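Every number in this text was worked out from the coordinates using simple rules, so none of it is lab data. These numbers were taken from a predicted model, which means no experiment stands behind them. Cβ coordinates were reconstructed from backbone atoms using ideal geometry, including for glycine residues, and neighbour counts include every protein chain displayed.
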Amino acid sequence: MNTRTIKRFENIYDKAGQAGRLPWNHTTPTHFLGDIIEKRDKPGRALDIGCGSGVDSVFLAGKGWNVTAIDFVPQAMDMTKKRAIEADVTLNQEQADILTWEPGQRFDLVLDAGVLHNMPRASIKPYREKILEWLAPEGIFVLVHWERQGFFDVRPIGPRRVARRDIQNIFAPELQEYDFHRMVRTGLPFIIGPTMAQATYWFKRR
């Protein structure tokens, strides 16, 4: 992760001051997490990359999962730690760049609720390799990404938008889309929006 990107996100956290004011704040768990928990016989190991303020990490830990929360922003680590203490759950926290981080284990669930769509194109291939390296043989990968709805659906700032087919192709053939959910958000600043289709992908290893 380059210094410019690190500083940009640190500034966003500093200006927000608290989790509820972050641009990507969400108060409920990422879509599909509840369904995944219900389908499993027992909790497993989960990796939350770009954990932000820890909403999903704390949710999974509260359901008995062994959770590793990773982010390169120190303020995100602080927010996640505070949330875990308030919820009385235990997390494994790692402040690191996911493209160089080596966990030494595999995970039953890997979650990305905001990392890939902020990455430069040159990092997509090594990112993909990391996801495949981390996933257990029967592992699940949940990805949240802004969906591109048409040729002209581009904006000068904000996360990059990518068509559903292109996301599927990035992870093929090793990962196959099992389920998909789209939610349209409105009321965004015009330069970012004014609307945005937020897509959530549930991938399984073939």
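Assorted remarks:
- In summary, the aspartates and glutamates within cross-link reach of Lys39, defined as a Cα separation below 17 angstrom excluding same-chain residues under 8 places away, comprise Asp108, Glu138, Glu177, Asp179.
- Listed peptides 80-92, 172-184, 109-121 appear in the order 109-121, 80-92, 172-184 once ranked by packing, highest mean of other Cβ atoms within 10 Å at the front.
- Residue of Phe107, Phe141, Phe171 that the Gaussian network model of the chain assigns the largest fluctuation, springs spanning Cα pairs under 10 Å: Phe171
- The chain, helix-only ellipticity at 222 nm - DSSP H runs n ≥ 4, -39,500 (n - 2.57), divided by all residues, nearest 500: -9000 deg cm²/dmol
- Whole-Hz Karplus values for the stretch 114-128 come out as x, 8, 4, 6, 10, 8, x, 4, 5, 8, 5, 5, x, 4, 4 Hz, taken residue by residue from phi with 6.51 cos²θ - 1.76 cosθ + 1.60 and θ = phi - 60°; glycine and proline positions read x.
- Placing +1 on each Lys and Arg Cβ and -1 on each Asp and Glu Cβ, with no other charges, gives the stretch 57-175 a dipole about its Cα centre of roughly 500 debye.
- Across the stretch 3-205, the mean sequence separation of Cα contacts (distance under 8 Å, 6 or more residues apart), normalised by length, yields a relative contact order of 16 percent.
- Residue among Met77, Trp101, Ile12 farthest towards the positive dipole end of the chain, charges placed on Cβ: Ile12
- Restricting the stretch 24-57 to trypsin sites (Lys or Arg not before Pro) that sit in a DSSP loop and have at most 16 other Cβ atoms within 10 Å of their own Cβ leaves Arg40.
- Its residue count N sets the reference 2.2 N^0.38 Å, and the alpha-carbon radius of gyration of the chain equals 0.98 times that reference.
- Partners for Lys42 among lysines (Cα-Cα distance below 30 Å; same-chain residues under 8 apart left out): Lys63, Lys81, Lys82, Lys130, Lys204
- For the chain, the Cβ-based charge dipole about the Cα centre amounts to some 600 debye (Lys, Arg positive; Asp, Glu negative; other atoms uncharged).
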